[in-house]
Amino acid sequence: MIQIKDLSLAFGDQIIFDETSMEIKDGERVGLIGQNGTGKSTLLRILTGELEPDQGKIETSRDYRIGYLEQHLHFTQPTVLEEGCLGLREEDEYNVWKVEKILSGLGFSTEDFHKAPSDFSGGYQIRLNLAKVLVSEPDLLLLDEPTNYLDIVSIRWLVSFLKKWPSELILITHDRNIMNSITTHTMAVHRQTIRKTEGDTIKLYGQIAEEEEMYQRTAANAAKKRQEIEAYINRFRAKASLASLVQSKIKKLKKEKVLEELKTIQTLGFEFNAAEFRARNICKIDNLSFGYTPENQLIKGLSITIEKGDRIGIIGKNGKGKSTLLELIAGELTPDSGEIVDHMHCAKGYFGQTNIERLDPKMTVEDEIQSADPALDYGKVRRMCGNMMFSGDLAKKPISVLSGGEKSRVSLGKILLHPANFLLLDEPTNHLDAESCDALIAAIDNFDGAVALVTHNEMFLHHLATRLIVFDGGKVFLFEGSYADFLKKVGWSND
Ligand SMILES: Nc1ncnc2c1ncn2[C@@H]1O[C@H](COP(=O)(O)OP(=O)(O)OP(=O)(O)O)[C@@H](O)[C@H]1O
Ligand SMILES: [Mg+2]
């Protein structure tokens, strides 16, 4: 059990938590939601003790252990087993068998124990991180967007693992389906407070909406009454016979707390900046082959002609070459053989997987946006900041303190400055909250040009893709049809 009491925290003028409390009881698996930048990761940092709140207390039962699943892959030991042992508690130091047991449970074979962590795919590296947390035997497991950068197969594995988690957990993810399939309770950071309910996200947002409606109604009624009383006072102020009555009304009015109107919460809404394109074929890939080493050819003999309205889903497990293909098309890598021929009016907009890591932590939001086009006048830069929900002083924030979703919005803003007719998007929805994802999907849907999209989100694939480039079973191939067709007619191999 863990309780937070009267928590307050602000970063400068930005209030994150305002005297809020919450409690998690034994065995509750809690999903944590809220818009990008509301303070979800910050809450986890407070729970782990990494960050000291301005005010408030955290109380737990005795010897309560909190484990945090690192999202960043950063290993220091030469082997998987030694890396796993880093998670052992001091009194457990010599119980290597505990680590072996957990590693096996997470799908590592005995031979794997002695291999280097870096030999494994992203999915297995996350499992290694998870093993490190699990060997510390936490009562409360904290996970901050664990599915970012995991492939569909690893995500499915993680979901089934977490469903069986026997004690408490807090899970942040912007994927509602995943969240609702794991959690028993839902918690949101909303208007600087933490709200929690038993049940799923729909139920929690339903409750919040209902309460806010009631609040607005009460506030409107109170404002109307106030006006009536004020009118009375003004009318009879001069009348000596009513003086005491007027005085008492004035007192009453002063005592009453004014219910402020709720501020509208801004959500992301934007359109891609489409460059004109009148022809049909925008880009032609002919017999393309590429490998980082000659022994490991990631792409062999791929050919496809991309047309203006295409929505191409690029799918496959981690490490198979999806991002590499986008980098090739973007011109950041050179093919070993074959060629990529662009139409003379083809203008590409590339959102790479590592985009947000390319932002300069020392720059401010507005400087970063400006850097995409130094010739752009300041007014336009500020307008783009506003569009990406950094209005006023928020545009002066340094990149280093931004949340994941906020960084993604900065990267998006930079792309939007350049007109394009062929978008190359590599997991663009990572880090974005549910509404921002919807806005991005809508923008892709409306885009007047071609789109090649790498995503592990099956819902987006179903919704958008009209053709697929599939990395599976050791080869790359084109599938002409929707993702539903692909699952029905071809499906994933088991390699
Ligand atoms: N050290 C800091 N100084 C100033 N502002 C900060 C600092 N750390 C975080 N912030 C701000 O606090 C807010 C909350 O950040 P946090 O990372 O907790 O958001 P989040 O809810 O996890 O968002 P996301 O969904 O994008 O991950 C953000 O607006 C962020 O820019
Ligand atoms: Mg976060």
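The values are calculated or read from the model by the stated rules, or taken from the named source; none is laboratory data. All values reported here derive from a predicted model rather than from experimental measurement. Glycine gets a Cβ as well: all are built from the backbone with ideal geometry, and neighbour counts include every protein chain shown. Please note that ligands, DNA and RNA were not included when accessible areas were found on the heavy atoms of the full protein model with its side chains. Shrake-Rupley method; radii C 1.70, N 1.55, O 1.52, S 1.80 Å.
Please go through the range 125-146 and give me each residue that is open to solvent by 10 Å² or more (accessible area, probe 1.4 Å) and under 15 Å from Gln77 (Cβ atoms), ordered by number.
Gln125, Lys132
Looking at Gly349, Gly413 in this structure, which one is open to solvent by less than 40 Å² (accessible area, probe 1.4 Å) and in a helix (DSSP H, G or I)? First the steps, then the outcome.
Details: Gly349 fails: in a helix (DSSP H, G or I).
Unique residue meeting the criteria: Gly413.
If you check Gly313, Gly338, which single one turns out to be modelled with pLDDT of 95 or more, assigned to a strand (DSSP E or B) and under 20 Å from Leu432 (Cα atoms)?
Values: Gly338 fails: under 20 Å from Leu432 (Cα atoms).
Step by step, each of Gly313, Gly338 is checked, and only Gly313 is modelled with pLDDT of 95 or more, assigned to a strand (DSSP E or B) and under 20 Å from Leu432 (Cα atoms).
Residue by residue through the range 249-286, note down the ones that are open to solvent by less than 90 Å² (accessible area, probe 1.4 Å) and in a strand (DSSP E or B).
Ala274, Asn281, Ile282, Cys283, Ile285, Asp286
Check whether at least one residue in the range 57-79 is touching a Phe, Trp or Tyr at 6+ places or on another chain (Cβ under 7 Å) and part of a helix (DSSP H, G or I), and report yes or no.
Here is the first cut: in the range 57-79, the residues touching a Phe, Trp or Tyr at 6+ places or on another chain (Cβ under 7 Å) are 79.
So of that shortlist, the ones also part of a helix (DSSP H, G or I) come out as none.
Within the range 57-79, none of the residues are touching a Phe, Trp or Tyr at 6+ places or on another chain (Cβ under 7 Å) and part of a helix (DSSP H, G or I).
For residues in the range 445-484 being of a type in the set (D, E, K, R) and modelled with pLDDT of 95 or more, which is most open to solvent (accessible area, probe 1.4 Å)? Don't jump to the end; show me each part of the working.
Start the filter on the range 445-484 by keeping residues that are of a type in the set (D, E, K, R), which leaves 445, 448, 458, 467, 472, 475, 480.
Now drop any that are not modelled with pLDDT of 95 or more, which leaves 467, 480.
Numbers: Arg467: 33, Glu480: 112 Å².
Here the residue is Glu480.
Taking Ala222, is it aliphatic (A, V, I, L, M) and open to solvent by 40 Å² or more (accessible area, probe 1.4 Å)?
Working: aliphatic (A, V, I, L, M): yes; open to solvent by 40 Å² or more (accessible area, probe 1.4 Å): no.
The answer is no for Ala222.
All but one of (1) in the same structural domain as Val451 (by TED's automatic domain parsing); (2) surrounded by fewer than 16 Cβ atoms within 10 Å (Cβ to Cβ) hold for Phe290; which doesn't?
Among (1) in the same structural domain as Val451 (by TED's automatic domain parsing); (2) surrounded by fewer than 16 Cβ atoms within 10 Å (Cβ to Cβ), the lone unmet condition for Phe290 is (2).
If you go through the range 392-424, how many residues are farther than 20 Å from Asp13 by Cα, within 16 Å of ligand 2 (Cβ to nearest atom) and polar (S, T, N, Q)?
2
Checking Lys196 against (1) in contact with a strand residue (DSSP E or B) (Cβ under 6 Å, 6 or more places away or on another chain); (2) more than 16 Å from ligand 1 (Cβ to nearest atom); (3) charged (D, E, K, R), which single condition isn't satisfied?
(2)
His418 - would you say it is more than 14 Å from ligand 1 (Cβ to nearest atom) and in a loop (DSSP other than H, G, I, E, B)? Lay out the reasoning, then the answer.
Values: more than 14 Å from ligand 1 (Cβ to nearest atom): yes; in a loop (DSSP other than H, G, I, E, B): yes.
Spelling it out, His418 is indeed more than 14 Å from ligand 1 (Cβ to nearest atom) and in a loop (DSSP other than H, G, I, E, B).
Residues Glu406, Glu427: which one is within 16 Å of ligand 1 (Cβ to nearest atom), at positive phi and either assigned by TED's automatic domain parsing to the domain that holds Ile33 or touching a Phe, Trp or Tyr at 6+ places or on another chain (Cβ under 9 Å) (or both)? Working first, answer last.
Working: Glu406 fails: at positive phi.
Testing whether each residue is within 16 Å of ligand 1 (Cβ to nearest atom), at positive phi and either assigned by TED's automatic domain parsing to the domain that holds Ile33 or touching a Phe, Trp or Tyr at 6+ places or on another chain (Cβ under 9 Å) (or both) leaves just Glu427.
Got a number for residues in the range 9-45 being within 16 Å of ligand 2 (Cβ to nearest atom) and in a strand (DSSP E or B)?
From the range 9-45, those within 16 Å of ligand 2 (Cβ to nearest atom) are 9, 11, 14, 16-17, 30-45; that's our starting set.
Still in the list and also in a strand (DSSP E or B): 9, 11, 14, 16-17, 30-33.
Of the residues in that region, 9 qualify.
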